[in-house]
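What follows draws every value from the coordinates through simple rules; no lab data is involved. Remember, it's a predicted structure, so these values are computed and weren't measured experimentally. A quick note on method: Cβ atoms are made from the backbone with ideal geometry, for glycine too, and the neighbour counts reach across all protein chains shown.
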Amino acid sequence: SGNLVFVADGAVGGLQIIDISRPTNPTLAGSYNTPGMAMGVAASGNLTLVADRDSGLKIISISNPANPTLIGSCNQYGPICSTQGYAYNVIAIGNLALVADDTVGLRIIDISNSANPKSIGSYDTSGNTQDVAVSNKLALVADFYSGLQIIDIGNWRFSGTHSIADAGNIAIMVTATT
């Protein structure tokens, strides 16, 4: 989205869209106040995905950044799409959203029909999933007291391929290079 930055602004402001075309004078281009606590955000084309803690995953159109619009959601206990835990962070990989979903682990959500997202897979980690990154078909999951969890998502139905790396005490954030 060029000169736009998307910020998850916690319980106060939901999604904030910042125009950084003039880096010394960033301006608010738009915002969408989510119902929960915006913890993480990912951009995918004309969409932003917001991990909205106990309110689940929110899919927001940013076609008009001055007037972002909610077009889909995956609520905490929805019948077709659910996050069940606290959605702490999200990343977009093509038509998939990977959600770090606290006590229920990693969620895979099909967002190809963004108005009607569907849960298509999950992996219940042993800890509290805080963050997720992807590198070469591996989901790298910061799993709080359980450290770094490495999950093979080449087959999103989770055949059980899983390993744990000792990242030291507590893992709350993770990033990867491709």
If each residue of separation counts as 0.36 nm, what is the full-extension length gain between V12 and I93 once their alpha-carbon separation is subtracted? 26.4 nm
Taking 0.36 nm per intervening residue step and subtracting the Cα-Cα distance, what contour gain separates L138 from D124 on full extension? 3.5 nm
Between the alpha carbon centres of region 77-142 and region 17-47 the gap in Å comes to 21 Å
How large is the dipole of region 66-148 about the Cα centre if only Lys and Arg carry +1 and Asp and Glu carry -1, each at its Cβ, rounded to the nearest 20 debye? 220 debye
Region 1-109: chymotrypsin sites (Phe, Trp or Tyr not before Pro) in DSSP coil with no more than 14 other Cβ atoms inside 10 Å: Y77
Amide H of N89 versus every other amide H placed in the peptide plane: which residues, excluding those fewer than 5 positions away on the same chain, fall under 5 Å? A100
